[in-house]
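The values are calculated or read from the model by the stated rules, or taken from the named source; none is laboratory data. Worth saying up front: this structure is predicted, and the values here are computed from it rather than measured. When we count neighbours, we look across all protein chains shown, and the Cβ atoms used for this are built from the backbone with ideal geometry, even at glycine.
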Amino acid sequence: MKKAVFALFISLVVPTVWGQDSLQLTRPQEPVKPYPYHEEEVVFENTVDGITLAGTLTLPKEDGYFPAVILISGSGAQNRDEELLGHKPFLVLADFLTQNDIAVLRFDDRGTGASKGDFQTATTFDFSNDVEAGVKYLQTRKEINENQIGLVGHSEGGIIAPMVAARSKDIAFIILLAGPGVRGDQLLLMQQEAIIKASGMSDSALQAAKAINTKVFDIVAKSTDPKQLATDLTAILKQLLKDNPAAKPQGMSDSDFIEATVAQVSSPWMQYFIKYDPAQALEKVQCPVLALAGSNDLQVPATVNLEAIKEALVKGKNKNASAREIPNLNHLFQECATGLPSEYATIEQTFSPIALEEILQWLKYGQADELN
C-alpha cells in the first residue's frame with residue numbers, strides 16, 4: 001500500500017528499495033509475446049464516479065465462453081500489472097490463469113497509466129466502485145460467462161473484493177491474496193512490529209515507534225474535523241521531533257517533515273483505511289471464498305489475519321470458504337528467506353508456482369470447501 005513519509009510509519013506495499021537500480025533484474029516467469037491466447041486492450045466506464053478506466057482483457061481463445069476474474073491491486077498507484085520493484089505479479093498471474101482457460105481483466109488504478117480520475121483523493125471504497133464497473137463491463141462481453149465472474153484481490157485488493165461481493169449478487173467467488181482481516185490501525189501496528197523485529201532492531205526502538213504510531217492512529221480514528229486533525233497531528237509531531245530529532249530523514253527541515261507527514265496521515269485514503277474493519281463486509285459475503293497468505297508475510301501477518309477472515313466468514317454463515325497459510329512465502333507470494341520488503345527486488349521469482357497451483361486447484365475443484 002502507500003509508502004510512508006518516514007520510517008515510523010510502514011505500509012502494505014513498499015514501492016522502493018534503496019539500491020535497486022544497481023541490481024541486475026532477472027524475471028524468468030514473465031511471459032514473452034506472442035502469447036498463446038488472445039489479448040485485448042479495453043476501456044470501461046465507472047458511471048458512479050464518472051471516470052474511464054483502461055486495462056487488458058486476456059481470453060483463452062478469441063472466440064469462446066469462459067469464466068473470468070478481475071485482478072484487484074494492492075494500494076499505492078498501481079498499473080494493470082501491479083508492477084513494483086521490477087516485478088509484474090499480475091502479468092504473471094493473468095498469463096497463468098488465461099493459459100488454464102480462465103479469462104482475466106486487469107486494469108490501471110484510477111489516475112494511473114491510461115486510466116482517468118484522481119488517485120490522490122480516492123479511498124478504498126472508491127476503488128471498489130472501479131472494480132464493480134469492471135464487473136459490469138465483463139457482463140457485456142459475449143465471451144464471458146456472466147454467472148462465473150470472480151474477483152482476485154491482493155493486499156488492499158483483498159479488502160476491496162469482499163466489499164464488492166457483499167453488495168453484489170453478480171460475484172461468483174472471491175480470492176483474497178494476503179488480504180487484511182483486522183482493522184487498518186491494528187494492521188499497521190502489527191506490520192510495524194513484524195518488520196522491526198525481522199530487521200533486528202531493538203525492542204526499545206519497536207516500543208518507541210509503536211507508542212507514537214498508536215497515538216497518531218488514535219487521533220485519526222477519532223477525528224471528525226479535518227482542520228482539528230491537522231492541528232492535533234502537528235502538535236504530536238512537534239513533540240516527536242523535540243524528543244527524537246533523528247525521527248525525520250536527514251536533510252529534511254522540521255517544517256517540511258511535519259507538513260509532509262500530516263498530509264499523508266490525514267489523506268482521504270489513510271483516514272478511511274485506519275478506520276475500516278474488513279469484517280463488516282466479510283460477514284456479508286455468501287459466495288465461495290479462498291483466502292491465501294504466506295507464512296513469511298511481514299506486511300499482512302498471515303496467522304492473525306487469516307483467523308480474523310475466517311471468524312468473520314463463520315459469523316456470516318458462509319459455508320463455502322477456505323483459508324490457507326503457505327509456508328515460506330512473503331507478501332508478494334515469493335518464496336523467500338526473511339519476508340522483509342528489502343528482499344522483494346532481489347528475488348528472481350515473481351509469484352510462487354505453489355501459490356499459483358493453489359489458486360487453480362481451488363478454482364477447478366475447491367469451491368465447496370468448508371473453512372479449515
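One residue stands out in the stretch 179-222 among those that are among the basic types (K, R) and under 19 Å from I274 (Cβ atoms): the one that is modelled with the highest pLDDT, namely R183.
Of the residues making up the stretch 224-244, none is touching a helix residue (DSSP H, G or I) at 6+ places or on another chain (Cβ under 6 Å) and not in a helix (DSSP H, G or I). The criterion of at least 2 residues that are charged (D, E, K, R) is met, among helices (runs of 4 or more DSSP H) falling completely within the stretch 108-207, by 124-138, 184-198. Filtering L188, L151, L206 for residues that are over 30 Å from G64 (Cα atoms), buried (at least 22 other Cβ atoms within 10 Å of the Cβ), in contact (Cβ under 8 Å) with a residue 12 or more places away in the chain and hydrophobic (A, V, I, L, M, F, W, C) leaves a single hit, L188. Looking across the stretch 222-241 at every residue that is surrounded by 14 or more Cβ atoms within 10 Å (Cβ to Cβ) and of a type in the set (S, T, Y), the one that is farthest from A260 (Cα to Cα) is identified as S223. State all residues of the stretch 273-301 that are without any contact (Cβ under 8 Å) to a residue 60 or more places away in the chain and buried (at least 21 other Cβ atoms within 10 Å of the Cβ); if no residue qualifies, say none. The one that is without any contact (Cβ under 8 Å) to a residue 60 or more places away in the chain and buried (at least 21 other Cβ atoms within 10 Å of the Cβ): N296. The single condition from (1) modelled with pLDDT of 95 or more; (2) surrounded by fewer than 23 Cβ atoms within 10 Å (Cβ to Cβ); (3) aliphatic (A, V, I, L, M); (4) farther than 25 Å from R183 by Cα that V314 fails is (4).
None of D95, D63 is of a type in the set (D, E), out of contact with any helix residue (DSSP H, G or I) (no Cβ under 8 Å at 6 or more places or on another chain) and under 30 Å from E343 (Cα atoms) except D95. Take the conditions among the β-branched types (V, I, T), under 18 Å from the mean Cα position of the chain (by Cα) and under 27 Å from I196 (Cβ atoms) and apply them to I347. Does it pass? Spelling it out, it is not the case that I347 is among the β-branched types (V, I, T), under 18 Å from the mean Cα position of the chain (by Cα) and under 27 Å from I196 (Cβ atoms). Would you confirm whether or not the stretch 94-109 contains a residue that is modelled with pLDDT of 95 or more, in contact with a Phe, Trp or Tyr (Cβ under 9 Å, 6 or more places away or on another chain), small (G, A, S) and surrounded by 24 or more Cβ atoms within 10 Å (Cβ to Cβ)? Yes, the stretch 94-109 contains at least one residue that is modelled with pLDDT of 95 or more, in contact with a Phe, Trp or Tyr (Cβ under 9 Å, 6 or more places away or on another chain), small (G, A, S) and surrounded by 24 or more Cβ atoms within 10 Å (Cβ to Cβ). All conditions but one from (1) in contact with a Gly (Cβ under 9 Å, 6 or more places away or on another chain); (2) assigned to a loop (DSSP other than H, G, I, E, B) apply to I70; the one that does not is (2).
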